[in-house]
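Each remark here refers to the structure printed beneath this line.
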Amino acid sequence: MRKSLFAGCFGLALSPCFSQNRYGLRTTDFKGYEKSLKISPERELFDLSTFIPGVILDIRYATTNNFTGQQIYTLARAYARKPVAEALREAQKEFRKHGVGIKIFDAYRPYKATVRFYEIYHDTTYVASPYVGSRHNRGCAIDMTLVGLKDGKELPMPTAYDSFRKEAWPTTPVSDISIRKNRDLIISVMEKHGFKVNASEWWHFDFTGWKRFDVLDIDFEELEK
């Protein structure tokens, strides 16, 4: 019975649980998301601002302070799938032992935002292809940095967030000892807790189980109904 319900929602090309787009990628809408939770509760998107004690949000795409220069989101929210949120909460506990905490720039991202990014900046080294979607669209990626627990200030990192320079690559040599130490810390703790750093962005971490989650195109307003 569970298998047939899942197929009814996710196995049909013309299912109302999906929306089709000009890039040929099927995305799950809010109705499909709700149905999926009945089969697999781990698919639920958790509000990270309430789920992770002490986490700080700086959702850049809800402002014009991002690479597009445009406000992409109407709400400043950070959501992630249940196992992603749980892993990030454990990472936060470990970071706090080092006197630092997590600041989130972005988490779950509606697919429509990925399309907008691609149409502004076509280089898929730095923006996801709309033909496959982003791991952000699956609720399985976190853009973040670290802040000091005492002063709340961001730790120095190789570049600012959303930098398209090679210095942002996590493999680029760093001569400054403090910056190198900070980059090593964020990567090592996140990888210990089930994430992998993006090859061109030191701030971007993908949950290693992202493949089992579908691409969502759900606005934050729908999630808050």
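Enumerate the residues in region 86-127 having an amide nitrogen under 14 Å from the point lying 7 Å beyond the Cα of K150 toward its Cβ.
Once the point is set 7 Å along Cα→Cβ of K150, 98-101 turn out to lie under 14 Å by backbone N, inside region 86-127.
Kindly state, to the nearest 0.05, the FRET efficiency for I120 paired with L57, given R0 = 22 Å and r defined as their beta-carbon distance.
0.40
How big is region 73-124 in terms of Cα radius of gyration and Dmax, in angstroms?
14.6, 42
Using modelled backbone amide H atoms (1.01 Å from N, in-plane), which distant-in-sequence or interchain residues come within less than 5 Å of T27's amide H?
S19
Determine the calculated [θ] at 222 nm for the chain from helices alone, applying -39500 (n - 2.57) to every DSSP H run no shorter than 4 residues and normalising by the residue count; nearest 500 deg cm²/dmol.
Rounded to the nearest 500, it is -9000 deg cm²/dmol.
Please compute the Kirkwood hydrodynamic radius over the chain, one decimal place, Å, based on all pairs of different Cα atoms.
In the chain this quantity evaluates to 18.1 Å.
Quick check: residue separation of K211 and E34 times 0.36 nm, minus the Cα distance between them. What number comes out in nm?
Length gained between K211 and E34: 61.8 nm.
No lab work stands behind these numbers, since they all come straight from the coordinates. If you're wondering where the values come from, they're calculated on a predicted model, not measured in any experiment. As a convention, Cβ positions derive from the backbone with ideal geometry for all residues, glycine included, and neighbour counts pool all protein chains shown.
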